[in-house]
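J.: Okay, handing you the structure first.
We did not get these values from a lab; they are worked out from the coordinates using the rules stated. The model shown is predicted, which means the values in this text are computed figures rather than measured ones. Note that each Cβ is placed from the backbone with ideal geometry, even for glycine, and that neighbours are counted across all protein chains shown.
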Amino acid sequence: MKITNVATAVIAGNFPWVLVRIETDEGVTGLGEAYWGAGVAELVHKARPVIVGEDPRNINKIVEIMIRCLSGEGSSGGATVTAISGIEIALWDIVGRALNAPISTLFGGRFRDRIRIYADCHAGETPDPADYAKKAKEVAAEGFTAIKFDLDTRNPFTLDISGDPHPRRQWFEPFNRTIGSAELKWMVDVVRAVREGVGPEVMVAMDAHWKFSVNDAIRLAQALEPFDLLWLEDPVPPENIEAQRHVTHSTRTPICTGENLYRKHGYRELIEKQAARIIAPDIPKMGGLAEAKRVADHADLYYIPIAPHNVASPIGTVAGAHVCAAMNNFLVMEFHAHDVSWWSDLVTEGPPIVDGFIRLDERPGHGLTLDEDVARAHLAPGSSFFGDTPHA
């Protein structure tokens with residue numbers, strides 16, 4: 001079997017979903033997805049001449065070829081690794097379909113058939129904590145047993161750094177990473193409202209988007225300890241692992257991070273210093289399915305759970321769910337498109353997420369078929385549909 005073509009289609013979802021299709025001379029086609037980002041689709045196209053003619057079953061070899069041949073484009077991280085990730089996922093889909101086996105089987109089989117999904121709820125309709133609680137109850141009523149909110153999206157005490165502050169905003173130091181007393185109280189009130197709204201059985205996580213200093217991140221994490229959070233995500237900037245470690249070991253609130261790291265090498269220090277309680281690789285961004293499994297196995301040496309960050313379409317989400325099924329230390333995976341009404345319509349097999357879980361079956365590969373009519377209807381401007389005339 002030989003690869004004959006590699007093409008992309010960028011779908012305009014809540015993020016640009018970069019779909020990757022790989023064709024072979026035996027008629028077996030694989031569909032993958034790369035995380036959104038400037039230049040990702042172009043880098044997929046740049047990899048095309050490097051891998052056309054290769055046997056798609058030699059996935060590790062092909063990934064190494066791409067890393068070496070695209071080293072000038074920065075294949076240790078960034079958009080180049082993201083492009084490689086989308087190709088890698090499509091290759092696993094090909095192998096699964098060729099062998100008539102689900103991707104999870106190719107990774108040693110499943111620890112679980114149901115993959116728990118957490119819904120990223122973003123924020124309430126207003127900064128009022130009661131609105132956060134209202135949204136939390138609505139999403140939990142849909143069957144989700146895990147949810148997450150942002151602590152910065154509608155934060156009324158953060159200055160808009162564009163220079164146009166919201167009229168209610170009162171905190172004027174957006175750059176030094178400190179938390180004012182009123183801002184801290186508001187964040188605690190939001191968490192309290194959400195926890196009281198959904199009760200103790202629903203897993204609740206909060207995201208800080210890398211906003212705070214070490215001291216203030218510790219203040220926040222300690223203030224949230226009474227609410228039994230699943231985690232506090234990215235409370236400090238991602239570059240300094242020692243700073244991450246200090247925050248993690250200063251609070252009973254679990255700290256989660258990892259979506260900005262690439263390949264197994266990028267996670268080594270974070271894991272070996274036990275600088276986070278939960279690791280969140282973004283699978284279609286950080287290197288693909290096999291690389292995510294390597295990170296999970298490394299983390300398992302320190303008994304650290306894996307909770308993948310995920311902003312993908314059904315393609316990347318379900319492909320990721322297959323490798324999550326093969327991780328003994330998997331915890332929960334993100335669903336970032338709760339407000340995209342047509343997310344499930346992008347595939348023909350029906351909604352991938354039902355009552356807050358992805359239930360894996362025995363269909364080969366990732367088991368999904370793209371609904372081409374829906375995909376074409378939401379094609380991003382300037383993108384072609386796997387090589388067709390670009391969409392205006």
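J.: Can you pull the percent of Cα pairs in the stretch 243-392 with separation above 17 Å?
T.: Roughly 65 percent, rounded to a whole number.
J.: As an exercise, use a Förster radius of 30 Å and the Cβ-Cβ distance of ASN328 and HIS246 to find the FRET efficiency, rounded to the nearest 0.05.
T.: 0.55
J.: Taking the Cα-to-Cβ direction at ASP300 and at ASP355 and moving 7 Å from each Cα, how far apart do the two end points lie in nm?
T.: 2.8 nm
J.: Take ASN58 and SER341, extend 7 Å from each Cα along the Cα→Cβ direction, and tell me the distance between the two endpoints in nm.
T.: For the pair ASN58/SER341, the computed spacing is 4.9 nm.
J.: Give me the percent of DSSP beta bridges within the chain that run antiparallel, rounded to the nearest 5.
T.: Beta bridges within the chain, antiparallel portion: roughly 50 percent.
J.: Take the Cβ-Cβ distance between GLU138 and ALA38 as r, set R0 to 41 Å, and report the resulting FRET efficiency rounded to the nearest 0.05.
T.: 0.75
J.: At a 10 Å Cβ-Cβ cut-off, how would you order PHE157, PHE357, fewest neighbours first?
T.: Arranged by neighbour count, lowest to highest, PHE157, PHE357 become PHE357, PHE157.
J.: If you stretched the chain out fully between VAL374 and GLN274, how much longer would it get, using 0.36 nm times the residue separation minus the C-alpha to C-alpha distance?
T.: Using 0.36 nm per residue and subtracting the Cα-Cα distance, I get 31.6 nm.
J.: Working out 0.36 nm times the residue gap between GLU225 and LEU99, then minus their Cα-Cα distance, what length gain in nm do you get to one decimal?
T.: 40.5 nm
J.: Please give the helix 181-198 orientation as an angle from the longest Cα principal axis of the chain, in degrees from 0 to 90, rounded to the nearest 10.
T.: Helix 181-198 sits roughly 60 degrees off the main axis of the chain.
J.: Something else now. Modelling each spin label as a point 7 Å along the Cα-to-Cβ direction, I'd like the PHE15/GLU362 distance in nm, to one decimal.
T.: 3.4 nm
J.: Still on this structure, I have one more. ASP128 to ARG114: extension gain in nm, 0.36 nm per residue of separation minus the Cα-Cα distance?
T.: In short, 1.6 nm is gained.
J.: On a 22 Å Cα-Cα criterion, which of the cross-link pairs LYS185/LYS211; LYS148/LYS264; LYS148/LYS211; LYS264/LYS285; LYS46/LYS285; LYS61/LYS273 come out too long?
T.: Over 22 Å Cα-Cα: LYS148/LYS264; LYS61/LYS273.
J.: Cut-off is 10 Å between beta-carbons; in what order do LEU184, LEU19 appear when sorted fewest neighbours first?
T.: By the 10 Å Cβ count, ascending: LEU184, LEU19.
J.: Using a Förster radius of 22 Å, what is the FRET efficiency between LEU184 and GLU239 based on their Cβ-Cβ separation? Nearest 0.05, please.
T.: About 0.35, to the nearest 0.05.
J.: Now for a different question. For MET203, MET286, what's the fewest-to-most ordering of other Cβ within 10 Å of each Cβ?
T.: Neighbour counts put them in this order, fewest first: MET203, MET286.
J.: Each residue of the stretch 51-66 in order: what ³J(HN,Hα) in whole Hz does its phi give by Karplus 6.51 cos²θ - 1.76 cosθ + 1.60, θ = phi - 60°, with x for Gly and Pro?
T.: Going residue by residue, I get 10, 4, x, 7, 6, x, 6, 8, 5, 4, 5, 5, 4, 5, 4, 5 Hz, with x marking Gly and Pro.
J.: By how many degrees, between 0 and 90 and to the nearest 10, does the Cα long axis of helix 214-223 differ from the longest principal axis of the chain?
T.: That helix lies at roughly 80 degrees to the long axis.
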